[in-house]
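Read-outs: derived from the displayed coordinates by stated rules, not from any lab. Only a predicted model underlies this, so the values are computations on that prediction, with no experimental measurement involved. Glycine gets a Cβ as well: all are built from the backbone with ideal geometry, and neighbour counts include every protein chain shown.
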Amino acid sequence: MKKRKSIIQCSLLTTCLTLILAGVCFIQSSFWAVAEDEKKKTAQVESLKKIVKPDAEWRKILTPEQYRVVRRQGTERAFTGLYWNNKAKGIYHCVACDLPLFSSDTKYKSGTGWPSYMTKRWIIMCLTVFLTVGVTYRCPAPLIFTPGEGWSYETPGSAGEWLRDRAEDQYTAAKDLYENKDFKTSLKAAKRVIREWPFSDFAPGAQYLAGLTYEAMSRDEKAFKEYQQLLDTYPTSEHYDDSLNRQFAIANKFLAGKRFRLWGLIPLYKSMKKTTDMYLELIDNGPFSEVAPKAQMNIGRAKENQKKFAEAVIAYEQAADKYNKQPNVVSDALYRAGMALLMEAQTAEYDQGAALKAIDIFTDFMALFPDDARLEKARAHIDELRIEQARGSLMIARFYDGKKAIDGALTYYNDVVDILNRLLNDPDHPFAVEARDRITKLKKNNPSPASNENTETRS
């Protein structure tokens, strides 16, 4: 029995080697034929004269769409062209010069949405792969490479257990594997549905499952891209809103400090810019979705994390403008814009333009939303900003004082006293005490009429 088995194995091996040798011989001869064909085609092309016509004439000959594609390097939208799904036999010709381009025999379904053709050279290469893989497909291969997924290890006997012959069955297998927390194999199964049956009813679900699986594997960047693929490819899917929500949740993780991965593998760095790009992409996907206003607000928070307070204010103002029919969004946007300006004012040395604008925004906030729970905080922030105004004026007054510019110094010292006495009712504030002391000394040492008149006016 063992001897017979060995004989059979040897026979099979001999047969395989014979087939491979025959294939190689065929390929070699075919390559010579292809080379000759290529020479003939090259000679034919070189013998052709270039067709030169004025642009106006091309516009008359071609339709607007043909002109855009042929003369202006345009591209038809995927899955919309006249010939992308055409199955008629024949030869495809150039619309401009009528030269034959491709035979319908070399047309194949690429899944890209545009007509795709193989040359004879590609056919031969495919034959080579078929002979090689077809003979050896049953051989053990624990290390497997999958396009788009990379290398993976499969124990002997496990390869192919998750493979199914129908889209529905393959999708069901992917879901079962996901429920059993076999995320790696679940991902393979889901991506096979997308790859093999991209137009089936189960492809959108598989695409969404791929995103969930990457999330379960803590690969949030990849998950975000998978959800984006669903939004781009299957805009009518029942998973559209869920994908938007998942993208928002992922972006929020990075806003909170989650690190982006180097080469998709090693978590190394934080990036508020990449986080902002995620929110922008999300808003573009669903500008009127429930998460869009929140995403716009979080762009402002990302800018605050970068200390880019002016850009944060712009983001909040855009939120208030875009979603002006949502009072909660507007109130939150105004308050956050005021807070961003407050932080900017606290970092400024002399320029108190941010403080003045913040006061205006908080004042509008209090007028528009008198019942908001943050009303008292807004009032307190206005007081903070008044002190920032006084501090800014004091800094300028000290500058002029040091330069012996008496009139300028007196002007800004009086501003300090005015802000703290009249607007804050705090005459004993250290800024006010210093300002009054310097006014007294400057008047005593420089009793000029101009200075006295200025001082009396400002007081």
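Sorted ascending by nearby beta carbons within 10 Å, beginning with the fewest, 401, 182, 437 become 437, 182, 401. Shape of region 319-360 from its Cα gyration tensor (a ≥ b ≥ c, root eigenvalues): rounded if a/c is under 1.5, otherwise prolate when a/b > b/c, or oblate? In terms of gyration-tensor shape, prolate.
As a rough guide to protection, the peptides 336-343, 359-366 ranked by mean Cβ packing within 10 Å, highest first, stand as 336-343, 359-366.
Give the calculated FRET efficiency between residue 60 and residue 106 to the nearest 0.05, with a Förster radius of 30 Å applied to their Cβ-Cβ distance.
After rounding to 0.05, the efficiency reads 0.40.
Sparse packing (at most 11 other Cβ atoms within 10 Å of the Cβ) combined with a DSSP loop state is found for the following GluC sites (Glu not before Pro) in region 321-408: 349. Modelled this way, with points 7 Å down the Cα-to-C-beta line, the labels at residue 324 and residue 99 are 5.8 nm from one another. State whether region 194-349 is rounded, prolate or oblate according to the following rule on the C-alpha gyration tensor (a ≥ b ≥ c being the square roots of its eigenvalues): a/c under 1.5 gives rounded; otherwise a/b larger than b/c gives prolate, and the remaining case gives oblate. Since a/c reaches 1.5 but b/c is at least a/b, the shape of region 194-349 is classed as oblate.
Using DSSP to define loop residues, name the GluC sites (Glu not before Pro) in region 266-315 whose beta-carbon has at most 13 other beta-carbon atoms within 10 Å.
Taking region 266-315 and a limit of 13 other Cβ atoms within 10 Å, the loop GluC sites (Glu not before Pro) found are 290.
Taking a ≥ b ≥ c as the square roots of the Cα gyration tensor eigenvalues, region 288-373 comes out oblate, since a/c reaches at least 1.5 and a/b does not exceed b/c. Between amide H atoms placed 1.01 Å from N, distances below 5 Å from residue 107 occur with 118, all of them 5 or more places distant or on a separate chain. Ordering 91, 396 by the number of other Cβ atoms within 10 Å of each residue's own Cβ, fewest first, gives 91, 396. Inter-label distance, residue 201 to residue 87: 2.1 nm, where each label sits 7 Å from its Cα along the C-beta direction.
Ranking of 440, 411, 347, 236 by neighbouring Cβ atoms within 10 Å, starting from the fewest: 236, 347, 440, 411.
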